[in-house]
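The values are calculated or read from the model by the stated rules, or taken from the named source; none is laboratory data. Model, not experiment: these values are computed from the prediction. As a convention, Cβ positions derive from the backbone with ideal geometry for all residues, glycine included, and neighbour counts pool all protein chains shown. For accessibility, only protein heavy atoms count, side chains too; no ligands or nucleic acids. Shrake-Rupley method; radii C 1.70, N 1.55, O 1.52, S 1.80 Å.
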Amino acid sequence: MTMDPRKQRVLQAIVALYAMEGEPVGSGLLSNYLDLSVSSATLRNEMAALTKLGLLEQPHTSAGRVPSTKGYRYYLDNLLDADEQLPAAERQAIDDIFDDLDYEPEHLAQGAARALSRHTGFTAAVTTPRADDLCIAHFEVVQVGRYSAAVLGVTSAGGVCTRVARVAEGLTRQQAANVAAVLNQNLTFVSPADLTPRLLAGMGAALGADGMLLSPVLLAAAALLREAVLPKAYLEGQQTLLEWPELAPSVGKLLQTFDDGERARKLLSPAKRRTVVKLGEDLETPMPGLCIMSSRYLAGGGLTGNLAIIGTNRMPFEQLMPRLEYFARKLGQCMSGRTQEDDV
């Protein structure tokens with residue numbers, strides 16, 4: 001049995017109707033939705049054929065049909081038409097959103113995800129680019145309390161990371177300046193692979209009598225260097241997931257995944273294509289009912305990150321995909337300093 005154009009239209013209509021109503025689709029409703037000039041009996045036969053192919057399911061004997069996981073996969077791979085162009089007014093509204101965001105890279109990524117969630121009404125996620133050659137370009141050490149020092153690192157990609165170290169006997173302004181000078185002389189533009197105990201010991205020796213006292217600051221700076229190459233992951237609008245009862249078994253697994261930036265990056269990565277839709281049943285750790293629409297953004301220097309909308313299989317894919325792709329395009333432009341004209 002093959003998928004002829006009529007079967008494809010029937011499947012496409014059932015996906016759309018089930019997304020709108022959240023109820024199994026019967027032949028009567030389908031007949032009103034479609035303009036195929038065929039009887040309800042013919043539509044029932046087509047629905048039975050699609051069920052036999054495994055593309056539809058019948059929850060109850062007398063009920064209508066709903067798309068199966070296989071049906072959604074066929075729809076996404078073969079029938080999804082996401083060529084909708086955003087109205088100029090909506091594009092301008094999104095441009096205005098980005099004009100108001102903090103352009104520090106990690107804040108920019110998180111702000112874009114938060115804005116995408118508010119704009120679409122769905123959960124949004126973002127990962128920052130992973131770069132094995134990312135390093136710290138500059139360090140600052142600031143006294144933030146009698147016994148605490150904040151170590152700030154500015155990455156070679158323009159990001160800012162911070163760690164607080166406790167200094168047992170307090171920290172003077174001169175000591176802060178001295179340890180910052182040692183860090184900038186020894187740890188800037190250094191790969192984490194070259195961060196050795198010998199290098200740390202040498203920096204401690206360069207601080208002389210203060211070496212032991214200021215060792216927590218050196219260790220905090222070393223931790224910033226190791227963390228610089230790791231992708232960060234942010235999940236925004238998580239509360240919307242609770243509005244879908246069918247996602248209850250999967251929400252905990254999703255939240256656990258976002259505790260680890262590298263696992264989140266792999267989850268959101270769209271592989272070879274710029275935008276993909278992943279179904280929860282197909283994931284390495286299955287999350288039934290979940291759906292992840294993910295798009296890659298270009299952050300400059302050959303680096304890429306991922307921006308995604310997360311919801312259920314009943315998301316309005318054709319409406320959401322162009323909005324996700326425009327957000328990803330804007331995020332990449334802002335990250336890399338490109339203009340819209342550069343992407344034309």
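Remarks
- Residue list for segment 32-64, restricted to those being more than 39 Å from the chain's Cα centre (by Cα), part of a helix (DSSP H, G or I) and farther than 15 Å from Pro5 by Cβ: Ser40, Ala41, Arg44, Asn45
- Residues being open to solvent by 30 Å² or more (accessible area, probe 1.4 Å) and either touching a Lys or Arg at 6+ places or on another chain (Cβ under 6 Å) or touching a residue at least 24 places away in the same chain (Cβ under 8 Å) (or both) - total across segment 193-232: 9
- Residues of segment 136-166 classified as touching a helix residue (DSSP H, G or I) at 6+ places or on another chain (Cβ under 6 Å), farther than 12 Å from Ala228 by Cβ and of a type in the set (A, V, I, L, M, F, W, C), total: 4
- For segment 79-89, the condition of being at pLDDT below 90, touching a Lys or Arg at 6+ places or on another chain (Cβ under 6 Å) and among the polar types (S, T, N, Q) holds for none of the residues.
- Selection of first residues in segment 245-263 that are in contact (Cβ under 8 Å) with a residue 40 or more places away in the chain and of second residues that are surrounded by 16 or more Cβ atoms within 10 Å (Cβ to Cβ) and in a helix (DSSP H, G or I), restricted to Cβ pairs under 8 Å at least 6 apart or on distinct chains, gives the following pairs, ordered by first then second residue: Leu247/Leu241; Ser250/Gly280; Leu254/Leu241; Phe258/Ala264.
- Cβ separations smaller than 7 Å between residues 6+ apart or across chains give the following pairs from segment 171-185 residues that are under 11 Å from Leu218 (Cα atoms) to residues that are of a type in the set (D, E, K, R) and open to solvent by 30 Å² or more (accessible area, probe 1.4 Å): Ala180/Glu140.
- Verdict on Leu267 being crowded, with 19+ Cβ neighbours inside 10 Å and not acidic (Asp, Glu): yes
Residue-wise test of (1) touching a Ser or Thr at 6+ places or on another chain (Cβ under 8 Å); (2) not in a loop (DSSP other than H, G, I, E, B).
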| position | (1), (2) |
| --- | --- |
| Ala177 | no, yes |
| Leu183 | no, yes |
| Leu199 | no, yes |
| Ala205 | no, yes |
| Leu213 | no, no |
| Leu219 | no, yes |
| Ala222 | no, yes |
| Arg226 | no, yes |
| Pro231 | yes, no |
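- Selection within segment 278-292: residues that are out of contact with any Lys or Arg (no Cβ under 8 Å at 6 or more places or on another chain) and at negative phi. The member of this set that is surrounded by the fewest Cβ atoms within 10 Å (Cβ to Cβ) is Glu284.
Yes/no per residue for (1) open to solvent by 50 Å² or more (accessible area, probe 1.4 Å); (2) within 16 Å of Thr69 (Cα to Cα); (3) β-branched (Val, Ile, Thr):
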{"position": "Thr2", "(1), (2), (3)": "yes, no, yes"}
{"position": "Ile14", "(1), (2), (3)": "no, yes, yes"}
{"position": "Pro24", "(1), (2), (3)": "no, yes, no"}
{"position": "Gly28", "(1), (2), (3)": "no, no, no"}
{"position": "Tyr33", "(1), (2), (3)": "yes, no, no"}
{"position": "Ser39", "(1), (2), (3)": "yes, no, no"}
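- In segment 233-259, the residues that are more than 17 Å from Ala113 (Cα to Cα) and either open to solvent by 60 Å² or more (accessible area, probe 1.4 Å) or not in a helix (DSSP H, G or I) (or both): Leu242, Glu243, Trp244, Pro245, Glu246, Ala248, Pro249, Lys253, Gln256
- Test: residue in segment 189-212 that is modelled with pLDDT under 95, in contact with a strand residue (DSSP E or B) (Cβ under 8 Å, 6 or more places away or on another chain) and of a type in the set (A, V, I, L, M, F, W, C): yes
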